[in-house]
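Step one of this worksheet: look at the structure below.
The values are calculated or read from the model by the stated rules, or taken from the named source; none is laboratory data. All values derive from a computational prediction rather than experimental measurement. FYI the Cβ positions are ideal-geometry reconstructions off the backbone, even for glycines, and counts take in every protein chain you see. Quick note on the areas: whole protein, heavy atoms, side chains included, nothing else; ligands and nucleic acids left out. Shrake-Rupley method; radii C 1.70, N 1.55, O 1.52, S 1.80 Å.
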Amino acid sequence: MIDLRSDTVTRPDAAMREAMLNAEVGDDVYGEDPTINELESRCAALLGHEDAIFCPSGSMTNMLGVAALVAPGWELIAESRAHVLRAEAGGHAALAGVTSRTWVSPDGTFTAADALALMSRPRGYHQVGTAAIAVENTHNFGGGRIADIDELRTLRRETAAAGVAVHMDGARLLNACAATGISAEEYGRQADTVSLCLSKGLGAPVGSVLAGSAEIIEKARLLRKRYGGGMRQAGILAAGGLHALDHNLAGLAADNAHARQLADALAATRPGIVDPELVETNIVFLDLSGIADDGEAFAAKAAEKGVRVSVMDERSVRLVTHRDVSPADVDTAAEVLVSLL
């Protein structure tokens, strides 16, 4: 089975498992796990910040980052399909009392002006003030689009002047770096908090990191404990992340290229199902509005032929390339999907 549902399905290879087996560990709640401490220090530097905290999931690092920036009853602004609002079980509202408003970007393109137009200060007791703006880079439900660095710099400049914070959901930020050549540090400097997943394209089995100032991360440590995310000898997990940073970064460019290869093949077969020019990283959304099958039926037929895709809604499915999908797998998947179209 060729699994294109998500890059979260990647599995640790033998070398990563060996690194995890031999990891030096301690009690991380006491700050005594040397492998976690090394991972946090390295990721903080990678993302251009003072400190970082290791967590079980990207949902948790997003929730910690937002909660550290937005007081209960204050507002977070994000794009209408942002992961922080669509795919984290309402955690920001349920756990942190965060309210939200959204702008709409039909193709996932980030424009600072869209976010800044919504930003508002409270006027009297009855109005909600904007505390932070969330930017997703790359934008998952926007088809893996990359947030333009100049737009991010504009957002950073204008929000700083207004006293509003920026949280970057950088789950797949390193895919953006592979595509643009811009460093993770340069992207990371454009936000107060940055979330980075180790368990997607990098191939670690578990874990995400939140980076920010020492003050923000200290607050995040309290919140992580409150949310039940304090781990003990989790250096076994952090070792997978360190190994991924050492050995798996180069593969992200190939993942991006494979996604474009799929998009080109499918667009050539059925124009309008995907615009290859909008496929910038490792995510491909297929618009099924022009064919008889809905998302569920298309996914079922693909699975029968050995290819798994993710159903996003009635008329769209998602393909995600990753390190467990070989060049030969990409060719086979393209043939199968083309045959269905």
### Selection status of Ala78, crowded, with 24+ Cβ neighbours inside 10 Å, in contact with a Leu (Cβ under 9 Å, 6 or more places away or on another chain), farther than 26 Å from Leu223 by Cα and free of Cβ contacts under 8 Å to residues at least 60 places away in the same chain
no
### Task
For the stretch 29-75, enumerate the residues that are open to solvent by 10 Å² or more (accessible area, probe 1.4 Å), part of a loop (DSSP other than H, G, I, E, B) and of a type outside the set (A, V, I, L, M, F, W, C).
Gly31, Glu32, Gly48, His49, Glu50, Pro56, Ser57, Pro72, Gly73
### Query
Looking at (1) open to solvent by less than 50 Å² (accessible area, probe 1.4 Å); (2) in contact with a Leu (Cβ under 9 Å, 6 or more places away or on another chain); (3) at negative phi, can you tell me which one Asp169 breaks?
(2)
### Message
Let me spell it out: the conditions are (1) of a type in the set (A, V, I, L, M, F, W, C); (2) in contact with a His (Cβ under 9 Å, 6 or more places away or on another chain); (3) assigned to a helix (DSSP H, G or I), and Phe141 meets all of them except one. Which number is the exception?
### Response
(3)
### Query
Here are some conditions: (1) of a type in the set (Val, Ile, Thr); (2) without any contact (Cβ under 8 Å) to a residue 60 or more places away in the chain; (3) touching a strand residue (DSSP E or B) at 6+ places or on another chain (Cβ under 7 Å). Thr111 meets all but one. Which one does it not meet?
(3)
#### Entry: From Thr332, Thr269, residue being touching a helix residue (DSSP H, G or I) at 6+ places or on another chain (Cβ under 8 Å), farther than 22 Å from Phe141 by Cβ and hydroxyl-bearing (Ser, Thr, Tyr)
Thr269
### Message
So Tyr125 passes all but one of these: (1) within 28 Å of Ala94 (Cβ to Cβ); (2) touching a helix residue (DSSP H, G or I) at 6+ places or on another chain (Cβ under 9 Å). Which condition number does it fail?
### Response
(2)
### Query
What are the residues in the stretch 95-108 that are open to solvent by 50 Å² or more (accessible area, probe 1.4 Å) and over 14 Å from Gly73 (Cβ atoms), if any?
Thr102, Val104, Pro106, Asp107
### Task
Go through the stretch 92-130 and give me each residue that's among the hydroxyl-bearing types (Ser, Thr, Tyr) and either part of a helix (DSSP H, G or I) or at pLDDT below 95 (or both).
Ser120, Tyr125
### Task
Can you give me the number of residues within the stretch 10-28 that are part of a helix (DSSP H, G or I) and open to solvent by less than 30 Å² (accessible area, probe 1.4 Å)?
3
### Task
Select from the stretch 184-217 the residues that are in contact (Cβ under 8 Å) with a residue 12 or more places away in the chain, more than 23 Å from Ala112 (Cβ to Cβ), open to solvent by 10 Å² or more (accessible area, probe 1.4 Å) and over 17 Å from the mean Cα position of the chain (by Cα) and list them in ascending order.
Ala214
